[in-house]
Amino acid sequence: MSLKMITAENAPEALGPYSHAVVAGGFAFVSGQIPIDPKTNTIVEGIEAQTRQSLENCVAILKSCGATIKDVVKAGIFISDMNNFGAINEVYGEYFNEHKPARACVEVARLPKDVMVEIEMIAYIGE
């Protein structure tokens, strides 16, 4: 099986030694995305805006893999405060309304740059 490392042009630069995504075995594994606006390189404010930006960053990376949001089979959401679960779900539902991939959502002690949300995805893109 071959691996293809993906760097997306319209996503924020990786904060460490990792790829935006790795394509392997017909799947695209999108690294966790935090709410950095790739145009300004700044973190957006507010839980709804942070959720939306994290999702938009994932969408940009999916596109670089030849995928769309409708190809996502699994998402992982990491949040700094479970009290934000409802607001995150509301924005998430705008992206995944009819298409509902498997998902996990966990509260964590801390996220990079002290953001409130980080989202990762796995999409099926075919062999």
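Just so it is clear, none of the values below were taken in a lab; they were calculated from the coordinates. Keep in mind that what you see is a predicted model, and the values were worked out from it rather than measured. So basically every Cβ, Gly included, is an ideal-geometry build from the backbone, and we count neighbours across all protein chains shown.
In terms of surrounding Cβ atoms within a 10 Å radius of their Cβ, D114, D37, D71 rank from fewest to most as D114, D37, D71. Helix 47-64 and the longest principal axis of the C-alpha atoms of the chain enclose an angle of approximately 10°. Per residue, the convex hull around the alpha carbon atoms of the range 63-127 comes to 98 Å³. In terms of surrounding Cβ atoms within a 10 Å radius of their Cβ, V115, V91, V30 rank from fewest to most as V91, V115, V30. Under a model in which nothing but the beta-carbon of Lys, Arg (+1) and Asp, Glu (-1) is charged, the chain shows a dipole of about 320 debye around its Cα centre.
For V73, enumerate residues with amide H under 5 Å from its amide H, sequence gap 5+ or separate chain, H modeled in the peptide plane. HN-HN under 5 Å from V73: I122, A123, Y124. Taking the range 2-27 and a reference point 7 angstrom along Cα→Cβ of K63, the backbone N atoms nearer than 14 Å belong to 8-12.
Adding -39500 (n - 2.57) for every DSSP H run of four residues or longer, then dividing by how many residues the chain holds, sets the calculated 222 nm ellipticity at -7500 deg cm²/dmol. For K63, a cut-off of 19 angstrom between C-alpha atoms picks up these lysines, skipping any fewer than 8 places away in its own chain: K4, K39, K74, K100. Relative to the longest principal axis of the Cα atoms of the chain, helix 85-95 runs at roughly 40 degrees. Each of E107, E13, E127, E48 was scored by other Cβ atoms within 10 Å of its Cβ. Listed from fewest to most, they are E127, E13, E107, E48. The stretch between L3 and C105, if pulled fully straight at 0.36 nm per residue, gains 34.0 nm over its current Cα-Cα span. Ordering C58, T40, Y92 by the projection of their Cα atoms onto the charge dipole of the range 32-127, which places +1 on the Cβ of Lys and Arg and -1 on the Cβ of Asp and Glu, puts C58 at the extreme positive end.
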